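First comes the structure, then the notes that go with it.
The values are calculated or read from the model by the stated rules, or taken from the named source; none is laboratory data. These numbers come from a predicted model, not from an experiment. Reconstructed Cβ throughout: ideal geometry from the backbone, glycine too, with neighbour counts over all protein chains shown. Accessible surface is based on the protein model in full, side chains and every heavy atom, while ligands, DNA and RNA are left aside. Shrake-Rupley method; radii C 1.70, N 1.55, O 1.52, S 1.80 Å.
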Amino acid sequence: MLQRFLDYSKRERLFTGDSKMLLAVSGGIDSMVMAHLFREAGVDHSIAHCNFSLRGEESDGDEEFVSAYAAEHGIPFKSRRFDTLAHAASKKVSIQMAARELRYEWFSQILNQEGFDAVAVAHNLNDNVETFLINLLRGTGLSGLTGMGQHRNDIIRPLLFASREEISAFVAEKRISYREDSSNAQIRYTRNRIRHKVIPEMEKVNSGAISAITDTMSHLGESAAIVEAYIGGLNESLFRHADGGIEAEAESLAALTPLTPHIYELFRKFGINPKQTDDVVSLLNSQTGRYILTPTHRILSDRGRILITVRDEQEAADYLFSSIDEMRMSGLFTDLHITGPADEPLPVSPRTACIDLDRLDFPVKVRNWEPGDRFMPLGMKHMKKISDFLIDLRIPVTVKEKVLLMISGEEIVWVMGYRIDDRFRVTGHTKKILLLTV
């Protein structure tokens, strides 16, 4: 394993014998193997550990374990504790995305302050395949099917050559200690469901499924590089700076063939997701004033032009949706789809609302909460003030003032990102379920 690690790192130019590396070590099996390999290779390194405060004593135990390992081997150790839930609420992102933002921001600070050459993270071959399948199932463009790169900016992934099975065998051989994250076994998480349910079924069809998908990602990565170069040339010829933003002639965009993939590749840098591609296409021939919103930009039809401007993060939220399609076009939701009752468990994340669609009356409104607003929290049978509900959750004031409500008629459906109203919950009589994620 050590020689393969060194050969892979040399081939991909991840580090040299003179490099100074920062290792992101959680205490799990992959990161402990990575730490072992760097130590055996004699590469100068320090260890950084993130405590995301999501699993209580288990999270603290992980930190203590990694700290003890670093002390035992005389390796410089750094750790930081994060309020991940508060960050997710403040930025209106998932808990997973919040954790990602927090750790990479911290890693960047350490690199700048202490002169490390790169941060090493311990994603393995199976993680890469799982990411491919997650993106495939959610819907993505070509770039989403190329997997995680061996290196990107100051991040390197020196274990992408090794499968989970190989890593487990190496751990047994070298008797490497590690911590088991109890959440890894919970199949309500998408990645874990793919890991424990989907991939084993694929391997029954093709025992070399992991290797085959990895080869496919490599081929797609080469194709993506060609597409990126082509799209870069189109960007220069179609877009120009104007009116405080960027604009393009709608007629020129509409002439591209095939239209849909061109539009996605040209506009994804402005924050559109694949499901919004058709919405952008519809803007090309729409009346002046119509627009769609992405998490980062407003894309507006204006007298034969498409005008793209950066959204003001401080703008007050006030949306009125007359249909599901308008909700999807708004850019307010990272995922929106309708499903029927099934035996599969529904998502349990507070960032995702599972709503009885037949209980909704359109138009549906989204706005900031106001003093005096009340709802019936899921699981309760009495009304509660939104202000009291947020106080009970100990939401910071700076986060609390940005909390949004979804409203149907005069009733609050969802305190977005926190809890739905019990009256809109999924029951045994529900025929259609609206799943919304922010």
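Label positions at Asp422 and Val227, each projected 7 Å from the Cα along the C-beta direction, are separated by 4.8 nm. Protection proxy ranking of 383-393, 22-32, by the mean of other Cβ atoms within 10 Å over each peptide's residues and highest first, is 22-32, 383-393.
Compared with the direct C-alpha span, the chain from Ser108 to Tyr319 gains 72.4 nm at full extension, assuming 0.36 nm per residue. When all protein chains stay in place and ligands, DNA and RNA are ignored, the 1.4 Å accessible-area order of Asp356, Asp18, Asp7, largest first, is Asp18, Asp7, Asp356.
For Ile433, the residues 5 or more places off, or on other chains, whose built amide H falls under 5 Å of its own are Thr339, Gly340, Leu357. In the chain, the portion of solvent-accessible area held by carbon and sulfur atoms comes to 49 percent [1.4 Å probe, whole percent, DNA, RNA and ligands not counted].
For the peptides 192-204, 299-311, the ranking by mean Cβ contacts within 10 Å, running from highest to lowest, is 299-311, 192-204. Cross-link reach is defined here as a Cα-Cα straight distance under 13 Å, omitting same-chain residues fewer than 8 places apart; for Lys197 the aspartates and glutamates meeting it are Glu130, Glu344. Taking 26 Å as the straight-line reach from the Cα of Lys384, the lysines in range (excluding those fewer than 8 positions away in the same chain) are Lys91, Lys92, Lys365, Lys400, Lys402. With 0.36 nm allotted per residue and the present C-alpha distance subtracted, the Lys431-Leu259 stretch has 58.3 nm of extension available.
With the simple spin-label model, which puts each label point 7 Å out from Cα in the Cβ direction, the Asp60 to Thr339 separation comes to 3.6 nm.
Taking a ≥ b ≥ c as the square roots of the eigenvalues of the Cα gyration tensor, segment 161-204 is classed as oblate, since a/c reaches at least 1.5 and a/b does not exceed b/c.
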